[in-house]
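Read the structure below first, then the notes.
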Amino acid sequence: MAQVNMQLVKELRDRTQAGLNDCKAALVEAEGHLEKAVEVILKKGLAKSAKRAGAVASEGLVITSVSADGKLGAIAEVNIQTDFAARNAEFIAFAEKVVQAALKAKPGVDLGSEPFPGGAGTIEDNRAALVGKLGENITVRRWDRLSIDGAGTEVAAKSPAFEKFVDDSAMQIAAMAPQFLNVSEMPADARSQQAAIFDAQLIEEGKPDAARPKIIEGKLAKWAKDVCLLEQQSVIDTDKSVEALRAALAKELGADVTLSRFVRFERGEGIEKPVAPDFASEVAKMAGG
């Protein structure tokens with residue numbers, strides 16, 4: 001019988017979320033080979049941390065799809081319980097089908113009721129079947145779609161400079177997580193809430209009442225440059241804002257270039273994740289048993 005150390009057991013448990021004793025038994029069966037032990041866990045259906053129904057699914061994928069003509073794009077977040085299962089080829093294929101369906105669906109529809117692309121049944125039918133197969137809860141949490149209104153200038157839209165600006169803007173949104181498009185579209189309540197936060201901080205610092213309004217205005221202006229896409233410093237050209245790059249491109253192409261809307265999903269944001277059991281306590285419990 002192969003010797004199994006607790007570091008291997010911990011690594012297998014982190015990857016699969018299977019029980020401690022199950023991980024140890026799988027490693028023994030696999031003669032200490034981690035990858036073979038993973039296969040054992042999968043084959044026995046042990047890679048799950050809770051009952052499937054109602055279990056928290058906070059891992060998974062944010063996936064996108066763009067139409068062939070580049071005028072329509074969709075984004076979807078599909079969640080599953082563990083990072084290990086999120087790398088499963090069948091789960092990834094399911095997520096890709098979900099965003100394909102989102103690309104064709106009408107705005108606001110229940111995506112679960114939409115036909116499953118290239119297969120039988122609905123998105124929900126296939127989701128339920130995959131839950132049964134993988135042994136983990138799966139949710140199609142949210143989706144959105146963007147489209148270009150109007151014909152635009154085709155020559156400008158196909159230029160390398162325009163395509164680069166689009167790619168760079170997407171990178172900017174992913175990396176810098178802007179909350180709003182620009183200052184004019186910032187909701188009044190968001191600005192008021194941030195002003196109240198700054199005011200409380202200044203009071204804590206002992207700043208006098210007469211001085212605080214002016215200081216708050218300065219802080220709000222700086223904050224806007226952090227949270228508004230067009231006001232943000234470009235991650236590509238750090239000497240310019242995104243708005244400055246947009247204006248320069250419009251001048252270069254001799255055409256109107258407008259960033260009108262963006263959607264950004266971050267996997268698992270806002271989902272309260274369950275606290276994993278303490279590994280040391282489990283080891284002590286197993287040793288005591």
What are the pairs, 6+ residues apart or on separate chains, where a residue within region 74-86 that is free of Cβ contacts under 8 Å to residues at least 60 places away in the same chain has its Cβ under 7 Å from a residue that is surrounded by 23 or more Cβ atoms within 10 Å (Cβ to Cβ) and of a type outside the set (A, V, I, L, M, F, W, C)?
-> 80/60; 80/136; 85/136; 86/60
State whether the residues of region 79-86 include one that is among the aromatic types (Phe, Trp, Tyr), open to solvent by 20 Å² or more (accessible area, probe 1.4 Å) and in contact with a strand residue (DSSP E or B) (Cβ under 9 Å, 6 or more places away or on another chain).
-> yes
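Looking at region 171-191, which of its residues are outside any helix (DSSP H, G or I), aliphatic (A, V, I, L, M) and surrounded by fewer than 16 Cβ atoms within 10 Å (Cβ to Cβ)?
Result: 177, single match.
Rundown of residues vs (1) modelled with pLDDT under 95; (2) in a helix (DSSP H, G or I), yes/no style:
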{"position": "108", "(1), (2)": "yes, no"}
{"position": "117", "(1), (2)": "no, no"}
{"position": "128", "(1), (2)": "yes, yes"}
{"position": "136", "(1), (2)": "yes, no"}
{"position": "150", "(1), (2)": "yes, no"}
{"position": "155", "(1), (2)": "yes, yes"}
Quick check: is even one residue across region 20-43 on the phi < 0 side of the Ramachandran plot, at pLDDT below 85 and not in a helix (DSSP H, G or I)?
-> no
Residues of region 197-214 being over 30 Å from residue 260 (Cβ atoms), loosely packed, with under 14 Cβ neighbours inside 10 Å and of a type outside the set (Lys, Arg), which ones?
-> 200, 203, 204, 205, 206, 208, 209, 210, 211, 213
Would you confirm whether any residue within region 238-256 is more than 28 Å from residue 153 (Cβ to Cβ), over 30 Å from the mean Cα position of the chain (by Cα) and open to solvent by less than 40 Å² (accessible area, probe 1.4 Å)?
-> no
Mind checking which pairs have a first residue in region 7-35 that is free of Cβ contacts under 8 Å to residues at least 60 places away in the same chain and open to solvent by less than 30 Å² (accessible area, probe 1.4 Å) and a second that is part of a loop (DSSP other than H, G, I, E, B) and among the hydrophobic types (A, V, I, L, M, F, W, C), Cβ under 7 Å, 6 or more apart or different chains?
-> 18/46; 18/47; 27/4; 32/2; 32/4
Consider residue 168 carefully, then state whether it is open to solvent by less than 60 Å² (accessible area, probe 1.4 Å), more than 21 Å from residue 77 (Cβ to Cβ) and either assigned to a helix (DSSP H, G or I) or at pLDDT below 95 (or both).
-> yes
Across (1) closer than 30 Å to residue 42 by Cα; (2) surrounded by 14 or more Cβ atoms within 10 Å (Cβ to Cβ), residue 153 clears everything bar (1)
Selected residue (only one of 63, 92 is open to solvent by 20 Å² or more (accessible area, probe 1.4 Å) and in a helix (DSSP H, G or I)) | 92
Only one of (1) modelled with pLDDT under 95; (2) open to solvent by 50 Å² or more (accessible area, probe 1.4 Å); (3) in contact with a Phe, Trp or Tyr (Cβ under 9 Å, 6 or more places away or on another chain) is not met by residue 142, so which one is it?
-> (1)
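The values are calculated or read from the model by the stated rules, or taken from the named source; none is laboratory data. These numbers come from a predicted model, not from an experiment. FYI the Cβ positions are ideal-geometry reconstructions off the backbone, even for glycines, and counts take in every protein chain you see. Only protein heavy atoms, including side chains, enter the accessible area calculation; ligands, DNA and RNA are left aside. Shrake-Rupley method; radii C 1.70, N 1.55, O 1.52, S 1.80 Å.
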